[in-house]
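The values are calculated or read from the model by the stated rules, or taken from the named source; none is laboratory data. A quick note: this is a predicted structure, and the numbers were derived from the prediction, not measured. Cβ placement follows ideal geometry from the backbone for every residue including glycine, while neighbour counts extend to all protein chains displayed.
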Amino acid sequence: MEIPPQLRCLFSAEIERSGDSLVVEVPEEEVHTGGVSAGETYRVALLPAATDDAPKQTDSRTGTPPADEPPVEEGETRRVEIESIGDQGDGVTRVERGFVVIVPDTEVGERVAVEIQAVTENVAFAEVTERLSYYD
């Protein structure tokens, strides 16, 4: 995939329904880091999330896991971008619905393939399986 040099930010988000519209929320952190500015107009590209596992049970209206369940499972493989560093020095990324995944031994902006090792109600822990080029 060719990524133009004008790319301002890259993140994963869930598409939500609001009346007759579909909404993608931009994480506030993207504004704080200077990637985008509130009130400006941007071109947006939507790409499907890739996963190597069999489909999970999903909400028939939205196509997402039920809201009361974590959107990841142990053993699942994901490609993610590290968004920040947590209080204990581990990388932090977010997946569907803003669900937090902690990834040790990573740096902000690094793209990695991870395997989910443990899942709790509001956070998952993953290990790096591959370090990816920014363009993968």
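The set of residues in region 73-98 that are crowded, with 18+ Cβ neighbours inside 10 Å and touching a Pro at 6+ places or on another chain (Cβ under 9 Å) comprises Glu83, Gly91, Arg94, Val95. Each residue in region 1-22 was checked for being modelled with pLDDT of 75 or more and either surrounded by fewer than 10 Cβ atoms within 10 Å (Cβ to Cβ) or among the hydroxyl-bearing types (Ser, Thr, Tyr) (or both), and 4 pass.
Would you list the strands (runs of 3 or more DSSP E) that sit entirely within region 23-115 and hold 3 or more residues that are modelled with pLDDT of 65 or more and either under 16 Å from Glu130 (Cβ atoms) or more than 13 Å from the chain's Cα centre (by Cα) (or both)? Outline the logic, then answer.
Values: elements: 77-81, 91-94, 100-103.
Because the criterion is at least 3 residues that are modelled with pLDDT of 65 or more and either under 16 Å from Glu130 (Cβ atoms) or more than 13 Å from the chain's Cα centre (by Cα) (or both), the strands (runs of 3 or more DSSP E) in region 23-115 that meet it are 77-81.
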